[in-house]
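The next block holds one structure in the form of structure tokens; read it before the comments.
Quick note: the coordinates plus some simple rules give every number you see, no bench work behind them. Everything quoted here is computed from the prediction, not taken from an experiment. Glycine also receives a Cβ, built like all others from the backbone with ideal geometry; neighbour counts cover every protein chain displayed.
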Amino acid sequence: MTETVTALSESMYNHLQKEPFVLLHTIDADTGSPTSSAVSWIYAADYSTLRFAIDGRSRLAANMRAKAEVSVTVFISGSVQTVYGTARLVAEALDEVPFKLVCFDIEIMHIRDAMFYGSRLSVMPEYEKTYDKRAADKLDIQVFNAMKKA
């Protein structure tokens, strides 16, 4: 039997400081079905907490208000890890951000290796922002600074 992991490793913590590509999984508030969405404004606040910001009008926000259990799929060098936890609203609005974002923390309950047996992730997923690079960089700085103050 494998040991239950309840906190981020040093390498996963460091990876989650760099705006990684992750998938946030919630339970739909209306249908009870699982949902999955890519999010970019996420970081490890500490070894047992993830913090992220999303549009306050989004379905994700409604889902987490209705049912706090969530998971986050993290693609890390050579593997895929899933972080399971409970979402908690930290801020209804982030100061100094030009539109309404809500901020949630995920208290990590456990982490498991989600890569199928006998394999490793050979290429990390990448994304690019398709709008004005300067505007994207400025907004990212505003959002991450505001999340750290929340």
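Numbers below:
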item: Segment residue 121-residue 57, extension gain: residue separation times 0.36 nm, minus the distance between their alpha carbons; result: 19.6 nm
item: Structure-based [θ]222 nm, the chain - -39500 (n - 2.57) summed over DSSP H runs of at least 4, per residue, nearest 500; result: -6000 deg cm²/dmol
item: Residue 36-residue 95 FRET efficiency (beta carbon distance; Förster radius 30 Å; 0.05 resolution); result: 0.50
item: For the chain, the longest site-free run once GluC sites (Glu not before Pro) in DSSP loop states with at most 12 other Cβ atoms within 10 Å are removed; result: 4-91
item: Residue 84 paired with residue 3, simple spin-label distance in nm, labels 7 Å along Cα-to-beta-carbon; result: 1.9 nm
